[in-house]
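Engineer: To start, I am sharing the structure in question, which I have written as structure tokens.
Where a number appears in this text, it was derived from the coordinates with a stated rule and is not lab data. Quick caveat, the model's predicted, so the values are computed rather than measured. Cβ: placed from backbone, ideal geometry, glycine included. Neighbour counts: every protein chain shown.
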Amino acid sequence: MILEKIYGFMEKYSDKTTSLLINNKKSTFILASILTVAVAVILSYFSRDGFRLFPAIMISLFLILIYSNILNASKNYKKAITFVFILSFLFQIYLAAQFIGVEHDINNRRSEGETIDKAGNIYREVNPYYTTLIYGKITPYFKSEEEIQEYNKRADYYYPPTRAWTAFLVLKLSELTSIKFSTMIKMPMILTTFLIGILLYKIMIFYKKGPKEIYKTMAFYLFNPLTIMVSGYHGQDDNLGIIFLVLFFYYLLKSQKINFFSALLLGLSLVVKPVAAPVLPYFVSKQKKLLKMAMFGIIVIFPYLFLIATYPYSPLFEKLKGTLLYGGVKYLWGYSRVENYFTTSFNLPGLHTSFSYVYPAITILLFGGMFLYFLKNKRINYLDGIIISNLFFFVFTSGFGLQYFMWMLPFAVLKANERKFRYFYYVFSILSGLMALVFYYGNANTYYFIRDAIGYSIIGITLWIFIIFWWVWYLKIGVNEKPKQLPT
């Protein structure tokens, strides 16, 4: 009953807002443009560098062009789709060129590239925080060299070498072209965003959708604030894995079977970072026999293990220890955020330490529980299976990174074509976009209270609670009502 009331409220006001915007296009465009310029000016004025006219103008201009595209798309959907790709791509390129991004991640990527360049051991020598800053205006989290050095001693490297090799190639291109490393490192993410958009376009063609539905999907993905900020600003590389997950899904739709090639595609989605792992219980459960489950698992994990095993500068145990412990940053999201706040506020360090031993057990139980759930619910189709897997993960994970949302986004966009799930996409996009904006702005301008208290605590916990609601609703409605247009 409570679920229906919350959903009804969300549906009612989403429909009212959409209707109001569509029926008053001119007023909507003018008001949105004025608000955009005002917010851009205010954020620039209070930034660390003070007011800068050019970034305020450029960001406002891109957003106003996006508003215009959305409000006028019905005049020619095919033309509007082309401009969605162009505007999103150029906006991301501008952000990459104008801003450094998340400095500790950029420093980490440069350290990866330099370690490969000198034939060093990435599992020992990659330092997330430089003792000598690359960019003069960056203010690190740690104020003294002693603090940075102490952090670097206990920091581990949790990724397969793919990520470091990519950083090395980007470093060499940066040196060759004299383009800033902080700009160049974002290019793989931006290019794969574009390619994922093309794959989503082809999936919609496969579904035999018309120009209007295709336009909505392209706009939902390429104009999504997460897509633009994470790809164009942050400096992460998740899309290098996400593109293989989307390609894997597209192949399944066309072939209607899970075979060696599709399993290999899924395996390639793990070689940058193992954030695709939550979908594994679902696809393993799709195998009918235990032997097939084992063979599928071996094929999927092969690219990951092959890259780790063939990396020459580190002992195998050291590489496995690092990569198998990957779990994101603790205490930023969900129940780990609540626990950290509670134990810190009430000065309970012993309880806090105890929880650090519980979190790995929760992860193991999560994957086991997901497998049993999907084993019991065999008729869940591919799209629903991927989304439910991600929702399971976001509800129960103790480790987190804003870029993790990008792994679910392409599939949430496809699901948004169904009316009853569209509202979840809207709310998710608004809350995650706000969280990203507050985090990036607070982090870049050393407003750490804004970043942590508002970004991670207020907006983040609100988003986590919403995702719990989305997850419960999905299990109740999405599983019991099989979507007609999607194959099983």
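Engineer: Run lengths n ≥ 4 of DSSP H only: what is the helix-derived mean residue ellipticity at 222 nm for the chain, with -39500 (n - 2.57) per run over all residues, to the nearest 500?
Structural biologist: -22500 deg cm²/dmol
Engineer: By per-residue mean of other Cβ atoms within 10 Å, what is the highest-first order of 382-392, 108-118?
Structural biologist: Final packing ranking: 382-392, 108-118.
Engineer: Over 26 Å between C-alpha atoms is what I'm after, so list which of Lys172/Lys321; Lys376/Lys415; Lys321/Lys376; Lys79/Lys202; Lys180/Lys216 land there.
Structural biologist: Among Lys172/Lys321; Lys376/Lys415; Lys321/Lys376; Lys79/Lys202; Lys180/Lys216, the Cα-Cα distance tops 26 Å for Lys172/Lys321; Lys321/Lys376; Lys180/Lys216.
Engineer: Any idea how far the Cα center of the range 342-393 sits from the one of the range 1-35, in Å?
Structural biologist: Cα centres, the range 342-393 to the range 1-35: 34 Å.
Engineer: How long are the semi-axes of the ellipsoid equivalent to the chain, from square roots of 5 times the Cα gyration tensor eigenvalues, in whole Å, largest first?
Structural biologist: Equivalent ellipsoid of the chain: 32, 30, 24 Å, largest first.
Engineer: Using only Cα atoms, locate the centre of the range 64-125 and the centre of the range 171-248, then give the distance between them in Å, rounded to an integer.
Structural biologist: If we compute the Cα centre of each part, the gap is 8 Å.
Engineer: In addition: Distance in nm between label sites at Ile198 and Lys12, each 7 Å beyond Cα in the beta-carbon direction?
Structural biologist: 4.6
Engineer: Here is a follow-up. Whole number please: convex hull volume per residue of the Cα set in the range 356-488, in Å³?
Structural biologist: 105
Engineer: Going through the range 345-417, which trypsin sites (Lys or Arg not before Pro) have at most 14 other Cβ atoms within 10 Å and a DSSP loop state?
Structural biologist: Of the trypsin sites (Lys or Arg not before Pro), the ones in loops of the range 345-417 whose Cβ has at most 14 other Cβ atoms within 10 Å are Lys378, Arg379.
Engineer: Could you tell me the number of lysine pairs in the range 1-75 with C-alpha atoms less than 22 Å from each other, where the two lysines are 8 or more residues apart or belong to different chains?
Structural biologist: Taking the range 1-75 as the scope, the lysine pair count is 6.
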